[in-house]
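Trainee: Have a look at this one.
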Ligand code: GLC
């Protein structure tokens, strides 16, 4: 049969019977291979292939877990333990595990879990009560084991515990003749007496919008006698006086007359705050037990100069630390569940606990380890930790924990950033938490999608981010393209170098930019200081406007080369004769640019803007890594919110609703842009 009229090459290629046959055979072959390959791999296990188990840990823990893995492999020949390195922030690792388990993926046999994940992850885990003898469980700290129980089953075996503590510079307090503080008022007084900012700050803690902020707030709240959520009655105590006092204390730490914390504290996670203290630049630090070992290492400016206390308290409250800690669960999708259980058994044995806690300074989960001479020699403050543990405040074990925590994080962070008063922020947090945990609870979003103010805020944030990034990228991109269009020596090399940022993975560059904008150690402040442009360090990621500016700058750095590339291609398409004719006609350089180059470039610029608008509107990784949507949700984009709803709150309907509605708007704008541009394109 003749090819239909007007059928081009592509039409003939697809329609030709020979090609159809070829495609069919190739398709069948591929399909057979795809189905047979895994079967064959399963059916014929190679005698050399070891039985493997794998799990994800925070990056800084990889080495120690690999060592434990090697010990396990030596004791169990024919096995292999794969330790996968994940991000340091708790929430980010939670999201990685969630995404994998939600997909029914078998990449992780073990789930290395925070105390707060049990209820949410239970659906994907193997119940473990029958796998461990009661004597084995009784040897572990009871509160840590309790955190692994949910719905009558045990899903998580604790391998290390954590409790929030207050580190202090014993040397400074002693030489000033000041006793260690007992109350919040003492802490403020001593910190103010000893601090000399920005060289030495009074008190550093974790103020970034993430799980660590909840831990800090919770122990201050307990210090004022308040509660967050009662896990039995679901009563919410966030709008009570004690909660407002607790938040006011944290706010006063950072702003106003009595400030004892750096403004940038609201962008610190564990490690940023630890580094400042370990550098000898803070009198007090709220953190976890792991800091002790690192700060005592040879060369540390605070080695031998520090002490540790339970968190201080206020009127009507008690000294307490938030209960943290990590445990192992076994994935339902694991192909080696028995081996995974054996591995856990190894980790909670005394040798396993020594291997895990000796060098890291982690608090063990095994009670016996607290009196073990080998561990005591490495961590002499273990008995203090055990005492602090006795009065630790636990976070509620509820399936909706991630959402409850995010509500608290967002509103506390908003109050710290000055976006709302402590009363207003906590009032709103209490209302949202009550809706979440109310009578028709069930993990749903606390708001109906169409009344979702967080959605509207995310649309606004995304619009600001997209508008600002595109405006800057277009101006810079055109300027760079004009420069690169000129002939000069080494032009090829310069073009290649200019493109480099574009080639870097966004998450990697976002991590680097996060440190560049760190208020105490970042290059940005160092440069500003050297140039005499800033007297005080700028707390870039701590206020909504500067956090957004930091995001835009990082994005502009990465994506301007893309705009430049497209505009350069457009420039190369402009016939030289046209420019030459204009020059002969007496048009100056600026006139030639405005009247000839720019109109002819318009389609390229518009194409670049369109591509970038689509990309920027979908911005996720850069925000996720640099600000996590904070402070106070002020940089949360539509994609980030959709992701949180889907993967963190496990509310797919809401996630999809956000994604669809959030993207309708830019789709309409893009359609409008194309429509407006069409007549121009036709003309040009
Ligand atoms: C520590 C704690 C964990 C807590 C986290 C917050 O890793 O062990 O329980 O959730 O810090 O950042």
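The values are calculated or read from the model by the stated rules, or taken from the named source; none is laboratory data. What you are looking at is a predicted structure, and each value in this text was computed from that prediction instead of being measured. No Cβ is skipped: glycine too gets one built from the backbone with ideal geometry, and neighbour counts run over all protein chains shown.
Trainee: So, of the residues in the stretch 324-361 that are at pLDDT below 95 and either farther than 30 Å from residue 217 by Cα or within 16 Å of the ligand (Cβ to nearest atom) (or both), which turns out to be farthest from the chain's Cα centre (by Cα)? First the steps, then the outcome.
Mentor: The first filter runs over the stretch 324-361 and keeps only residues at pLDDT below 95, leaving 358-361.
Narrowing the set further to residues that are either farther than 30 Å from residue 217 by Cα or within 16 Å of the ligand (Cβ to nearest atom) (or both) leaves 360-361.
Values: 360: 22, 361: 24 Å.
Of everything passing the filter in the stretch 324-361, 361 is farthest from the chain's Cα centre (by Cα).
Trainee: Helices (runs of 4 or more DSSP H) wholly in the stretch 69-176 with at least 1 residues that are more than 16 Å from the ligand (Cβ to nearest atom) and surrounded by fewer than 20 Cβ atoms within 10 Å (Cβ to Cβ) - which ones? Can you show your working first?
Mentor: Details: elements: 90-102, 118-121, 134-138, 142-146, 170-175.
Of the helices (runs of 4 or more DSSP H) lying wholly inside the stretch 69-176, those with at least 1 residues that are more than 16 Å from the ligand (Cβ to nearest atom) and surrounded by fewer than 20 Cβ atoms within 10 Å (Cβ to Cβ) span 90-102, 134-138, 142-146, 170-175.
Trainee: In addition: Only one residue in 535, 578 is in the same structural domain as residue 507 (by TED's automatic domain parsing), outside any helix (DSSP H, G or I) and free of Cβ contacts under 8 Å to residues at least 60 places away in the same chain, so which one is that?
Mentor: 535
Trainee: Something else: Within the stretch 620-635, identify whether any single residue is without any contact (Cβ under 8 Å) to a residue 40 or more places away in the chain and in the same structural domain as residue 518 (by TED's automatic domain parsing), and answer yes or no. If you could, list the steps in order and put the result at the bottom.
Mentor: Going through the stretch 620-635, the residues without any contact (Cβ under 8 Å) to a residue 40 or more places away in the chain turn out to be 620.
Filter again for in the same structural domain as residue 518 (by TED's automatic domain parsing), leaving 620.
So far as the stretch 620-635 goes, yes, one or more of its residues are without any contact (Cβ under 8 Å) to a residue 40 or more places away in the chain and in the same structural domain as residue 518 (by TED's automatic domain parsing).
Trainee: Quick one: would you say residue 400 is buried (at least 21 other Cβ atoms within 10 Å of the Cβ) and in contact (Cβ under 8 Å) with a residue 24 or more places away in the chain?
Mentor: Details: buried (at least 21 other Cβ atoms within 10 Å of the Cβ): yes; in contact (Cβ under 8 Å) with a residue 24 or more places away in the chain: yes.
Yes, satisfied.
So that you can scan it fast, the table gives a plain yes or no per residue for (1) in the same structural domain as residue 116 (by TED's automatic domain parsing); (2) within 16 Å of the ligand (Cβ to nearest atom); (3) touching a helix residue (DSSP H, G or I) at 6+ places or on another chain (Cβ under 7 Å):
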site	(1), (2), (3)
183	no, no, no
195	no, no, no
198	no, no, no
216	no, yes, no
222	no, yes, no
230	no, no, no
236	no, no, yes
243	no, no, yes
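Trainee: State yes or no: is residue 424 more than 20 Å from residue 657 (Cα to Cα), surrounded by fewer than 24 Cβ atoms within 10 Å (Cβ to Cβ) and modelled with pLDDT under 95? Don't jump to the end; show me each part of the working.
Mentor: Working: more than 20 Å from residue 657 (Cα to Cα): yes; surrounded by fewer than 24 Cβ atoms within 10 Å (Cβ to Cβ): yes; modelled with pLDDT under 95: no.
The answer is no for residue 424.
Residue-by-condition table, conditions (1) closer than 19 Å to residue 385 by Cβ; (2) at pLDDT below 95; (3) in contact with a strand residue (DSSP E or B) (Cβ under 9 Å, 6 or more places away or on another chain):
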residue: 232; (1), (2), (3): no, yes, no
residue: 246; (1), (2), (3): no, no, no
residue: 250; (1), (2), (3): no, no, no
residue: 258; (1), (2), (3): no, yes, no
residue: 261; (1), (2), (3): no, no, yes
residue: 277; (1), (2), (3): yes, no, yes
residue: 294; (1), (2), (3): yes, yes, no
residue: 301; (1), (2), (3): no, no, no
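Trainee: Scanning the stretch 267-281 for residues that are closer than 28 Å to residue 624 by Cα and away from the ligand (no atom under 15 Å from the Cβ), which turns out surrounded by the fewest Cβ atoms within 10 Å (Cβ to Cβ)? Talk me through it step by step, then tell me what you get.
Mentor: Step one: list which residues in the stretch 267-281 are closer than 28 Å to residue 624 by Cα, which gives 267-279.
From the residues that got through so far, the ones that are away from the ligand (no atom under 15 Å from the Cβ) too are 275-279.
Numbers: 275: 17, 276: 23, 277: 25, 278: 22, 279: 15.
The extreme case among them is 279.
For (1) farther than 18 Å from residue 630 by Cβ; (2) modelled with pLDDT under 95, each residue gets a yes or a no:
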position: 411; (1), (2): no, no
position: 448; (1), (2): yes, yes
position: 466; (1), (2): yes, no
position: 469; (1), (2): yes, no
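Trainee: Still on this structure, please answer the following. Looking at the stretch 383-392, is at least one residue in contact with a helix residue (DSSP H, G or I) (Cβ under 6 Å, 6 or more places away or on another chain) and more than 30 Å from residue 665 (Cβ to Cβ)?
Mentor: Restricting attention to the stretch 383-392, the residues satisfying the condition of being in contact with a helix residue (DSSP H, G or I) (Cβ under 6 Å, 6 or more places away or on another chain) are 386.
Right, trim to more than 30 Å from residue 665 (Cβ to Cβ) and you get 386.
Yes, there is a match, as at least one residue in the stretch 383-392 is in contact with a helix residue (DSSP H, G or I) (Cβ under 6 Å, 6 or more places away or on another chain) and more than 30 Å from residue 665 (Cβ to Cβ).
Trainee: Looking at (1) at pLDDT below 95; (2) surrounded by 16 or more Cβ atoms within 10 Å (Cβ to Cβ); (3) not in a strand (DSSP E or B), which one does residue 308 not meet, given that it meets all the others?
Mentor: Only one criterion in (1) at pLDDT below 95; (2) surrounded by 16 or more Cβ atoms within 10 Å (Cβ to Cβ); (3) not in a strand (DSSP E or B) is unmet by residue 308, namely (3).
Trainee: If you don't mind, there's one more thing I want to ask. Between 419, 435, which is more than 22 Å from residue 91 (Cα to Cα) and free of Cβ contacts under 8 Å to residues at least 60 places away in the same chain? Before the answer, list the steps.
Mentor: Values: 419 fails: free of Cβ contacts under 8 Å to residues at least 60 places away in the same chain.
None of the others qualify; the one that does is 435.
Trainee: Right, residue 596: free of Cβ contacts under 8 Å to residues at least 60 places away in the same chain and not in a loop (DSSP other than H, G, I, E, B) or not?
Mentor: yes
Trainee: Give me a count of the residues in the stretch 490-528 that are surrounded by fewer than 13 Cβ atoms within 10 Å (Cβ to Cβ) and assigned to a loop (DSSP other than H, G, I, E, B).
Mentor: Residues in the stretch 490-528 being surrounded by fewer than 13 Cβ atoms within 10 Å (Cβ to Cβ) and assigned to a loop (DSSP other than H, G, I, E, B): 2 in total.
Trainee: For the stretch 282-303, which positions are more than 16 Å from the ligand (Cβ to nearest atom) and in a helix (DSSP H, G or I)? Walk me through how you get there before you give the answer.
Mentor: Residues of the stretch 282-303 that are more than 16 Å from the ligand (Cβ to nearest atom), as a first pass: 282-284, 295-303.
Those that are more than 16 Å from the ligand (Cβ to nearest atom) and in a helix (DSSP H, G or I): 295, 296.
Trainee: Give the number of residues within the stretch 376-397 that are surrounded by 22 or more Cβ atoms within 10 Å (Cβ to Cβ) and away from the ligand (no atom under 13 Å from the Cβ).
Mentor: 2
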